[in-house]
Amino acid sequence: MHRLRTCAARLRPLTASQTAQNFSQQRPAAVPRTFQPPFLNGTSSNYVEEMYYAWLENPKSVHKSWDVFFRNANAGAPPGMAHQRPLSLATLPQAQSLIRGHHVAQLDPLGIMDADLDSHIPNDIITSSDKLAGFYGLDESDLDKVFRLPTTTFIGGTETALPLREIIRRLEMSYCQHIGVEFMFINDLDQCQWIREKFEKPGCGCVLTSGALPRRFEEFLQRKWSSEKRFGLEGCESLIPALKTIIDKSSEKGVENVVIGMPHRGRLNVLANVIRKELEQIFCQFDSKLEAADEGSGDVKYHLGMYHRRINRVTDRNITLSLMANPSHLEAVDPVVQGKTKAEQFYCGDTEGHKVMSILMHGDAAFAGQGVVYETFHLSDLPSYSTHGTVHVVVNNQIGFTTDPRMARSSPYPTDVARVVNAPIFHVNADDPEAVVYVCNVAAEWRATFHKDVVVDLVCYRRLGHNEMDEPMFTQPLMYKQIKKQKGVMQKYGEKLIAEGAVTRQEYEEEIAKYDKICEEAHVRSKDEKILHIKHWLDSPWPGFFNLDGQPKSMTCPSTGLTEEELTHIGQVASSVPVEDFTIHGGLSRILKARGEMIKNRMVDWALGEYMAFGSLLKEGIHVRLSGQDVERGTFSHRHHVLHDQNVDKRVCIPMNHVAPNQAPYTVCNSSLSEYGVLGFELGFAMASPNALVLWEAQFGDFHNTAQCIIDQFICPGQAKWVRQNGIVLLLPHGMEGMGPEHSSARPERFLQMCNDDPDVFPNITDDFAIRQLHDCNWIVILAPFRKPLIVFTPKSLLRHPEARSNFDEMLPGTEFQRLIPEKGPAANNPSGVKRVIFCTGKVYYELTKERSARGMEDTVAITRMEQLSPFPFDLVKAESEKYPDADLVWCQEEHKNQGYYDYVKPRIRTTIHRAKPVWYAGRPPAAAPATGNKKAHLVELKNFLDNAFNLDAVKDQV
């Protein structure tokens, strides 16, 4: 029905005599002006006569109403009858929006729900003769009139004209059965015509073979572990042939690598029958006596992923399938999958997505309800984020956990969010596996042809509750009464095939018995598994990076210093425009000149230091990718990694890509205004290879709030849950500078709270203690034989602070990252005279040194900076504390007492010094907001905590 009104509106009515012969064959090639047609009778105006002769030469040169009139008159219509209001003219104003047969398609397998949440049938959709008469002004006799078919429809096949009755019937067969198609919002005629041909052409369809029957995997699990949660696929078993079809067709089109993301519903079935994970590895997960291996705490079986390379038996080509691990945050994996897909495309040179693609599965409630879906869609066409088309498959249970869809979304369909990127949406009754397979073939072809997103909406049901222990009758009694009567899709389809003679009942039963036997044999083998090895469930292995046992090849950390020549060269690139005839902004010219002066003086600030780090890695062949909001210029106008020609629009220069002839590429890309989606994307990108530096920068540090799900569910526990190392770097601008509560704190306390070192245990200090700490912790990364996430609280005001600079001598060969920077002034030369050691980190150090100088206390107060907060530098803190035996210990921070670092560092310092003395606090008092929005109040707070830092009696009085 989807095309019905538009097609009917554009038909040209033909008389019986004209049905057999085309007008173009009747019309003379050239007509002399002396010819007088009978209908003119010498009385017609010159205007009509001129129009008539023009029509003879080119029928399209006149209005369609005159075209019909002249055709009928030429065919001998009696006077007064030549004018006929053509159907195309009568209905065209309303016809442009028909394409909506999906509203009456038979999509719900249960027959009780309307997939679009609306039982009302729009008046403009022809469903009866009453609609013809009422809305279009037609009667029953019009159904037998023959109409010429417009070139925009394919329902005629080789026929060019059909009776209206047959036209409606064919459109109903195309758009009003078990498939509903939404595509007319796409503003590309070629794409719309491509879809029309796939669904309107006579003979469209697909037949499954008996070997493609949905498997009985779910029934086997129910029989063996009826009391275990497994989030089975019952009610949407057609998802398995759907995925197989997408993968098979994509493999046929040249795809070699498919990255898959999905929620937990049906995951075990997908692992078994699509990814082809060994069944015994799945079944052993149900053994409560299974011990965990040493390499991780693991996760529940319906959250785990897998990586598998195998032969696709349909195409006889190798294909790699990665099912990404995903927590219960159902759609959180969407951008992660897209990032990994982009990385796989990048590293194999697949610039158009011909070899690597992604498939994302969704639940209906989550697809409509979770904002990261929208964020991910809006990455789909951005140059640095596009994966050149994703096939989305929605398992549309028509219910959330217990929530009716009418309470879960405001849009007609859960898939309406996909319309924002003009993705075609194919709704299909999931109890019709032939329709499902046909739609999935079309979806895979669409992706291969146009490299754009497409959505398959499997309208189905959930046979059991949210999980196998849940009682759905509490909240959906009508639905579940009907579900109890419902035959399974495999049984229904098997009966259909038997009735058609496609298979015999014996063949059908043998197919079932064959698979049951496979499951039983795997179940026996699964009992031999005693230990759960998470490495069997890795979704992103790094071949060659680790030893065979998954351990680092060494536990050494090489020097990260560079030679003077390298530093100078990279600095010169950073302060130049390595492209001819390129005009930059005058203000930028001054910035580059200042960089050049710093290089001459052998000094670097933060921006130049970043340049040195990135440039040296690129020179060594390590890909660097920096992503986030406004990262090309930098939020604080300090970076300028992309230069813009002031005279030529969109002409840019990236000096970092001119560091060395055979360097790795540098990717720096401004993102959409998204944190959740983009951080997830970059996390996925970092999963693909250990030999890359992937960084995400927040515009302000506190903006990571809206990406907290990625941090909490993937970055912090990723290795513990899935033994999945990752080198993602988060750059979070942080600092209390009177800018108010929204642009001050990157919330370091949150990250520190999730660190896994024990504050009450002083570790065994060995020669490799520093790197061993890094290996055992859950996040940080340096140039090491393993990868851990790194959280960097980056500066704002320090970007231009004259003292926040480093000399080349601190970056030469033999130097390395300093976990702790001890006092190096007069106090360090007279430790016995030091009365106070102030430990701190970040910007407050410069305020403390300024205040110490103003008070003339350089000899009696030592200030020590912790550059690495976690893992905690126990060994260096111990050495620094013991150096000043008579000094009181103070932790000073600019953050409020219940925020920042104090709650993290205090117990660890106490453990280091065996609680021999207290650790005093100097800083802002506890507060609910991160900072004040009043500049004067900010300065008063600053003065107060600096007073406390240098007046220990005041601190003790407060305590």
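In table form, for the structure just shown:
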item	result
Failed condition for A430, given (1) touching a Leu at 6+ places or on another chain (Cβ under 8 Å); (2) without any contact (Cβ under 8 Å) to a residue 40 or more places away in the chain	(2)
Qualifying residue in the stretch 359-376 (condition: part of a loop (DSSP other than H, G, I, E, B), surrounded by 20 or more Cβ atoms within 10 Å (Cβ to Cβ) and of a type in the set (A, V, I, L, M))	no
Set I275, I247: member being surrounded by fewer than 24 Cβ atoms within 10 Å (Cβ to Cβ), β-branched (V, I, T) and out of contact with any Pro (no Cβ under 8 Å at 6 or more places or on another chain)	I275
Strands (runs of 3 or more DSSP E) contained entirely in the stretch 378-478, each with at least 3 residues that are under 30 Å from R223 (Cα atoms) and modelled with pLDDT of 95 or more	390-396, 454-459
Residue that is acidic (D, E) and under 18 Å from V456 (Cα atoms), where the choices are D364, D404	D364
Neighbours by Cβ (under 6 Å, 6+ apart or cross-chain): first from the stretch 441-470, closer than 25 Å to Y374 by Cβ and of a type in the set (K, R); second modelled with pLDDT of 95 or more and surrounded by 18 or more Cβ atoms within 10 Å (Cβ to Cβ)	R447/G389; R447/V391; R447/V454; K452/G389
Conditions (1) under 19 Å from R852 (Cβ atoms); (2) under 42 Å from the mean Cα position of the chain (by Cα); (3) exposed (fewer than 14 other Cβ atoms within 10 Å of the Cβ): number failed by E894	(3)
Subset of the stretch 654-682 (residues that are surrounded by 16 or more Cβ atoms within 10 Å (Cβ to Cβ), hydrophobic (A, V, I, L, M, F, W, C) and out of contact with any Gly (no Cβ under 9 Å at 6 or more places or on another chain))	I654, V668
Among (1) out of contact with any strand residue (DSSP E or B) (no Cβ under 7 Å at 6 or more places or on another chain); (2) among the charged types (D, E, K, R); (3) outside any helix (DSSP H, G or I), the one test that D630 misses	(1)
Some residue of the stretch 793-808 being in contact with an Asp or Glu (Cβ under 6 Å, 6 or more places away or on another chain), farther than 25 Å from G727 by Cα and part of a loop (DSSP other than H, G, I, E, B)	yes
Matching residues, the stretch 264-287, being touching a residue at least 60 places away in the same chain (Cβ under 8 Å), farther than 24 Å from L464 by Cα and assigned to a helix (DSSP H, G or I)	E280, Q281
Within the stretch 125-210, helices (runs of 4 or more DSSP H) holding 1 or more residues that are hydroxyl-bearing (S, T, Y), closer than 30 Å to P433 by Cβ and at pLDDT below 90	164-175
The stretch 891-909 residues that are at positive phi, paired with ones that are outside any strand (DSSP E or B) (beta carbon under 8 Å, 6 or more apart)	G900/S745; G900/P748; G900/E749
Residue satisfying condition, being under 20 Å from S540 (Cα atoms) and outside the structural domain of K936 (by TED's automatic domain parsing), within set R747, R772, R787	R787
Candidate set from the stretch 251-263 (those that are buried (at least 24 other Cβ atoms within 10 Å of the Cβ) and outside any loop (DSSP other than H, G, I, E, B)); member that is farthest from the chain's Cα centre (by Cα)	V258
Test for Q506: is it part of a helix (DSSP H, G or I) and either within 24 Å of H362 (Cβ to Cβ) or modelled with pLDDT of 90 or more (or both)	yes
Residue in the stretch 610-623 that is in contact with a Gly (Cβ under 8 Å, 6 or more places away or on another chain) and not small (G, A, S) present	yes
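The values are calculated or read from the model by the stated rules, or taken from the named source; none is laboratory data. Quick caveat, the model's predicted, so the values are computed rather than measured. Don't worry about glycine lacking a Cβ; one is built from the backbone with ideal geometry, like all the others, and counts go over all protein chains shown.
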